Structures are given as C-alpha cells and as structure tokens.
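Input: a single structure, listed below in structure tokens.
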Amino acid sequence: MATGDTSVSICNKSLLYLGAEAITSFTDGTLSGNACSVIYNDVKRATMSMYAWSFTIKKIQLNKEVATPVSEWSNQFAFPNDMLSNVPRAVRTSSSAGAPTTTDWEVGQSSTGTAVLLTNYDTIYIDYQKEVSETLMPHHFVQLLAYQLAWHLAEVLTDQTAKAEFWRNIALGSPSEGFRGGYFRQAVFIDSAGQTPSSIQDYLLTDVR
C-alpha cells in the first residue's frame, strides 16, 4: 500500500529519531531543513537503487532511433526519461507472456552522449526501475528511507559519529553482513511478495557474495 507521504514528512520522521525539531519545508531556513534539502534526493535514489523494489519496476517497448551506432551493433534504442539508472533489469525481443530474456545487447553512448541500448534486434522491450514519487512508496520502503536519512543526518545534526553508526546499523546492518542486514533485509522480504522468484534469487545470491 502506498503511504501518501511527502519528502518533508519522511525527513521529519528521521528528525524525530534524532531528537531534532521538525521542519516545515526544505527551505525553512533551519539547519535541519538545509541538511535535508542537500541529501534527501541522493539518499532516496541510492536507496531505490539498492534493490529491484517491486513498486519501481516498469515494462516498456523502447523507441528505436534513426541514428546507426558506430560499433558492431546495428541498432540503438533510447532509454525512457524516468529510468532510475541506465541498466535494464531484463531485455526481451517480444512482449508475449513468458518471453525469454536476451543477452545480445549492451549499454553504450549515442553521438550526443546519452545512454542507449545497442543491439542487432529491431524490436526491444525492457523491464527497468523508475524513480517513484513519495505518495506511491509503500510503507516498508518509507521506513527504510527514514532510517537511511537518520544515518546520513545524524552526524550533521548531532555531531556524534556513534549515533550515525547506530542508525546505519538499524538501516543496513553491520559490516560483517555486507550492509545487507538491518531493516533493509526485512524490507526486501516484505517486498519479495511482489517479485518473481528470479528477482528474489538475485538478491540472495548478491547477499551471499
């Protein structure tokens, strides 16, 4: 379920954990507001990129560009504007149910410097992660993001490295867990109900490594 939160309400949850005063906006002139305005978007995108959260996955047919790539590939396809990173989760040549993925592609650059998908196929469909607004984030992700923000805000607002380490461990676990523990692990397994078995396996294999 989406929580209907905002960037300010999520930051205020983190500030509450740190014993700091709530903010009214990122531009309210307070130290907390200024700190949140600097780090919020980076922490949000980094937390989204940590795992293939089910609520971020989108399927789309890519638009084939007229330009011909200067490489061994014959076609290039533009990525969507809302893509979280220029790395597709899956690439297929058909939109049919159960269509297999293909590995005959790579990410390259167009003549203008933008990232494109290069392949010899004429039609391409991808699964990718999109950046999602706060109102559409489920509770388990909002909670993880609040813990992540508490970690990054702690030293700035409290001048205590021990408090920053405490919230890092709450969010991601200890170094011995490869920072794949803490609430992150719980959020992943909550989210896995909306994932395919292969996505869950990908996480478990990464966790072991």
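In region 59-72, what residues are touching a Phe, Trp or Tyr at 6+ places or on another chain (Cβ under 8 Å) and either assigned to a loop (DSSP other than H, G, I, E, B) or crowded, with 16+ Cβ neighbours inside 10 Å (or both)?
60, 62, 64, 65
Looking at region 105-116, I want the residues that are closer than 13 Å to residue 86 by Cα and have a partner that is of a type outside the set (D, E, K, R) and part of a loop (DSSP other than H, G, I, E, B) with Cβ atoms under 6 Å, at least 6 apart or on another chain. Which pairs are those?
Hits for this filter: 107/86; 115/79; 115/86; 116/110.
Would you pick out the residues in region 35-49 that are at pLDDT 95 or above, surrounded by 15 or more Cβ atoms within 10 Å (Cβ to Cβ) and out of contact with any His (no Cβ under 7 Å at 6 or more places or on another chain)?
Hits for region 35-49 are 35, 36, 37, 40, 44, 47, 48.
Looking at region 13-65, which of its residues are of a type in the set (A, V, I, L, M) and either over 17 Å from residue 168 (Cα atoms) or in contact with a strand residue (DSSP E or B) (Cβ under 6 Å, 6 or more places away or on another chain) (or both)? So that I can check it myself, show each step before the final result.
Going through region 13-65, the residues of a type in the set (A, V, I, L, M) turn out to be 15-16, 18, 20, 22-23, 31, 35, 38-39, 43, 46, 48, 50, 52, 57, 60, 62.
Listed by number, the residues that qualify are 20, 22, 23, 31, 35, 38, 52, 57, 60, 62.
Among the residues of region 128-157, how many are among the charged types (D, E, K, R) and more than 14 Å from the chain's Cα centre (by Cα)?
1
List every residue pair whose Cβ atoms sit under 8 Å apart, with the two residues 6 or more apart in sequence or on different chains, where the first one lies in region 149-170 and is assigned by TED's automatic domain parsing to the domain that holds residue 13 and the second, anywhere, is surrounded by 20 or more Cβ atoms within 10 Å (Cβ to Cβ) and basic (Lys, Arg).
Partner pairs satisfying both residue conditions: 151/168.
Name the residues in region 68-92 that are under 19 Å from the mean Cα position of the chain (by Cα) and touching a residue at least 12 places away in the same chain (Cβ under 8 Å), would you?
Residues satisfying the conditions are 79, 80, 82, 83, 84, 85, 86, 87, 88, 89, 90, 91.
Residues are listed down the side, and each one gets a yes or a no for (1) part of a loop (DSSP other than H, G, I, E, B); (2) closer than 15 Å to residue 135 by Cα; (3) among the hydroxyl-bearing types (Ser, Thr, Tyr):
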{"position": "10", "(1), (2), (3)": "no, yes, no"}
{"position": "22", "(1), (2), (3)": "yes, no, no"}
{"position": "26", "(1), (2), (3)": "yes, no, no"}
{"position": "32", "(1), (2), (3)": "no, no, yes"}
{"position": "37", "(1), (2), (3)": "no, no, yes"}
{"position": "40", "(1), (2), (3)": "no, no, yes"}
{"position": "47", "(1), (2), (3)": "no, no, yes"}
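All but one of (1) modelled with pLDDT of 95 or more; (2) farther than 20 Å from residue 148 by Cα; (3) basic (Lys, Arg) hold for residue 209; state the number of the condition that does not hold.
The single condition residue 209 does not satisfy is (1).
The values are calculated or read from the model by the stated rules, or taken from the named source; none is laboratory data. Everything quoted here is computed from the prediction, not taken from an experiment. Cβ atoms come from the backbone with ideal geometry, glycine included; neighbour counts cover every protein chain shown.
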